[in-house]
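These notes concern the structure reproduced below.
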Amino acid sequence: MRKDKRWLVDTEQLVLMLIGTFLLAFTYYHINFQNHLSEGGFVGLSLLGKYLFNFPPAVTALVLDIPVFILALILKGRKFLLNTIIGSLAFSGFYELCDRFSPLHIDLHNNLLLAAILSGLFTGIGAGVVLRAGGATGGDDILSLLLSQLTGLKIGTVFIALDAVVLLISLIYLPMMETLFTVVAVLIAGKVITWTVNYGRSEEPKLRVPVAVKEKTARA
């Protein structure tokens, strides 16, 4: 029986996604969580829903992720969706391992600027590596990628914009200082993501969509 290559994962891609997701999980736990930096993206929206309406964050994140995953399947195909599912599961697994077993504690409460710089650098590299390998780590990453390729904006710019909006709204319940330093981390991460994804490439990859979809959504 002939195998459907759309559901196969390249070994090199898999290794890169594991490296990227591990770096992301390590940074989010040891830098962001341990030093009380805030969260942007769908995680930030989930926490906002918990604060304002007492919605369970896990349910909110799932509700946000599902339509974006469906959109990714339509526009980017099965292989991208499979890579994204692997990336999401790997990130969750690595984060859980850090939470349960890591003895390392990086205390940067007295130097949040350094924490923001390290967070921006490492999350930018981690997310960039995953995207470069053809996957993502969640619905907000997919949304940023799709918006970048549909609008022509740099992917890091879209990451910055989406995270900044969520963080500014989150000032309703989050401490001002930690949130502002998280914005600094987001700004750095956005630039690093763009650099990582495009390093060694002459131009950003173009969005590939089925002919039927392309006819219905003509680009300016």
Under a Cβ-only charge scheme (Lys and Arg +1, Asp and Glu -1), can you give me the dipole magnitude of the chain about the Cα centre, in debye to the nearest 20? 1040 debye
From the Cα gyration tensor of the range 1-111, with a ≥ b ≥ c the square roots of its eigenvalues, which class applies: rounded if a/c is under 1.5, or else prolate if a/b is larger than b/c, or else oblate? oblate
Give the ranking of PHE181, PHE53, PHE159 by solvent-accessible surface, highest area first, calculated with a 1.4 Å probe. PHE53, PHE181, PHE159
For TYR95, TYR29, TYR199, the accessible-area ranking with a 1.4 Å probe, largest leading, is TYR199, TYR95, TYR29
Any idea which of THR84, PRO103, TYR28 is furthest toward the positive side of the dipole for the chain, if Lys and Arg beta-carbons carry +1 and Asp and Glu beta-carbons -1? THR84
Any idea which of LEU145, GLY128, ILE188 is furthest toward the positive side of the dipole for the chain, if Lys and Arg beta-carbons carry +1 and Asp and Glu beta-carbons -1? LEU145
Charge dipole (debye, nearest 20) of the range 42-158; +1 at Cβ of Lys and Arg, -1 at Cβ of Asp and Glu: 380 debye
By accessible area with a 1.4 Å probe, ligands and nucleic acids excluded, highest first: order of LYS154, LYS76, LYS191, LYS50: LYS191, LYS154, LYS50, LYS76
Distance between modelled label sites at LEU71 and ASP107, nm, 7 Å Cα→Cβ extension: 4.3 nm
Distribution of pairwise C-alpha distances over the chain, 5 Å bins, in %: 1, 7, 14, 18, 21, 17, 11, 6, 3, 1, 0, 0, 0
Nearest 500 deg cm²/dmol is fine: what mean residue ellipticity at 222 nm does the chain get from its DSSP H runs of n ≥ 4 alone, each adding -39,500 (n - 2.57), divided by its residue count? -23500 deg cm²/dmol
With θ set to phi - 60° and the Karplus curve 6.51 cos²θ - 1.76 cosθ + 1.60, what are the ³J(HN,Hα) couplings of the range 32-43 in order, to the nearest whole Hz, using x for Gly and Pro? 5, 5, 5, 10, 6, 6, 7, 10, x, x, 5, 4
Given the pairs LYS50/LYS191; LYS76/LYS154; LYS50/LYS76, which are separated by over 26 angstrom at their Cα positions? LYS50/LYS191; LYS50/LYS76
With the Cα gyration tensor of the range 80-178 in hand, convert its eigenvalues to equivalent ellipsoid semi-axes via √(5λ) and list them largest first in whole Å. 25, 20, 13
Full extension from VAL165 to TYR199: what is 0.36 nm times the residue separation minus their Cα-Cα distance, to one decimal in nm? 9.5 nm
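The values are calculated or read from the model by the stated rules, or taken from the named source; none is laboratory data. None of these values were measured; they are calculated from a predicted model. For neighbour counting, all protein chains shown are included, and Cβ atoms are generated from backbone atoms with ideal geometry for every residue, glycine included. Accessible surface is based on the protein model in full, side chains and every heavy atom, while ligands, DNA and RNA are left aside. Shrake-Rupley method; radii C 1.70, N 1.55, O 1.52, S 1.80 Å.
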